[in-house]
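Every read-out reported here was derived from the displayed coordinates using simple, explicitly stated rules and does not represent laboratory data. This is a predicted model, so every value here is computed, not measured. FYI the Cβ positions are ideal-geometry reconstructions off the backbone, even for glycines, and counts take in every protein chain you see.
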Amino acid sequence: MGPLATSLILLFVVLVTATVSGVFGMAGGLMLMGALTLAMPVSAAMVTHGAVQFVSNGWRAVLHRAHINWRIIALYGAGSALAAGALALVTYQPTKAWVYLMLGLTPGLAWIPKDRFNLDAAKPAHAALCGLSVTGLNVIAGVSGPLLDVFFVRTALTRHQIVATKAATQAFSHTVKMAFYGAPLIGASQSGLPPWWFFVLAAPLAMAGAWIGGFVLDRISDVNFLKWTRWIVTALGVVYLAQAAALFAG
């Protein structure tokens, strides 16, 4: 398959995954990261994923801005800044097999017994810890939705507040990821990144997906919202673990 066809297929994936994220607040990013890792080098996939998800999450936060909990955002940002400082001191270059392994294991966090850790993003210390740990995992694995969800399932927030606040937090995490993987690509003769027009088209598609997902979100219950989120990310995790096993075996 040629570069043009690959880019067009990935643009369609951007629209679909942004719609999924618009409904569940995550899962879409997990799907997109897997597709990008399949199509391009790991560093390029991380930067591309970060850019697309920044637009998707940012626009979703704008659409639902009335529901954002800004106190959580401020504390999350402080934790995210600490993670960025720590990551600036290390070098990390994962292989595709390792990325798929991490993508496959991350959804397992959705099944952690929530009463065991009693994490709640509405608590100041927990919000800062959320920013630190979620940003770190986002750089290491490419995604962090299931871990982010662990901090939100015990809050008293509605599904709209959860989706809006989580979307705003991800702006921090994806910015750190783009900087971490993008800096070494500056000036590189072969970055592996898609052509410039891919990003120009991906931005409105990500925004459109967030808008479409918002309509679906208005029509599902809080119970179904939480239930379907867990099962969707689990199914994706199984697929990625199989892909990782195949790559390691090869």
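For this structure, a couple of remarks:
- Taking each residue of the range 227-246 that is surrounded by 20 or more Cβ atoms within 10 Å (Cβ to Cβ) and looking for partners that are of a type in the set (Asp, Glu) and part of a helix (DSSP H, G or I) with beta-carbon atoms closer than 8 Å, six or more apart or interchain, yields Thr229/Asp149.
Condition check ((1) over 17 Å from Leu10 (Cβ atoms); (2) not aliphatic (A, V, I, L, M)) across all residues:
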{"residue": "Ala164", "(1), (2)": "yes, no"}
{"residue": "Ala171", "(1), (2)": "yes, no"}
{"residue": "Lys177", "(1), (2)": "yes, yes"}
{"residue": "Gly187", "(1), (2)": "yes, yes"}
{"residue": "Ala202", "(1), (2)": "no, no"}
{"residue": "Ala206", "(1), (2)": "no, no"}
{"residue": "Ala210", "(1), (2)": "yes, no"}
{"residue": "Phe215", "(1), (2)": "yes, yes"}
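- Where Thr48 falls short, out of the listed (1) crowded, with 24+ Cβ neighbours inside 10 Å; (2) more than 15 Å from the chain's Cα centre (by Cα): (2)
- Hits in the range 175-212 - residues which are in contact with a Leu (Cβ under 6 Å, 6 or more places away or on another chain) and outside any helix (DSSP H, G or I): Ser191
- Residue in the range 168-184 that is surrounded by 16 or more Cβ atoms within 10 Å (Cβ to Cβ) and either touching a Cys at 6+ places or on another chain (Cβ under 7 Å) or more than 30 Å from Trp70 (Cα to Cα) (or both) present: no
- Taking the range 140-174 as the range and being in a helix (DSSP H, G or I) and of a type in the set (A, V, I, L, M) as the test, the residues that pass are Ile140, Ala141, Leu147, Leu148, Val150, Ile162, Val163, Ala164, Ala167, Ala168, Ala171.
- Qualifying residue in the range 59-75 (condition: polar (S, T, N, Q) and either over 26 Å from Met207 (Cβ atoms) or not in a loop (DSSP other than H, G, I, E, B) (or both)): no
- Criterion applied to Ala44, Ala35, Ala83 was being without any contact (Cβ under 8 Å) to a residue 60 or more places away in the chain and on the phi < 0 side of the Ramachandran plot, and the one residue passing it is Ala35.
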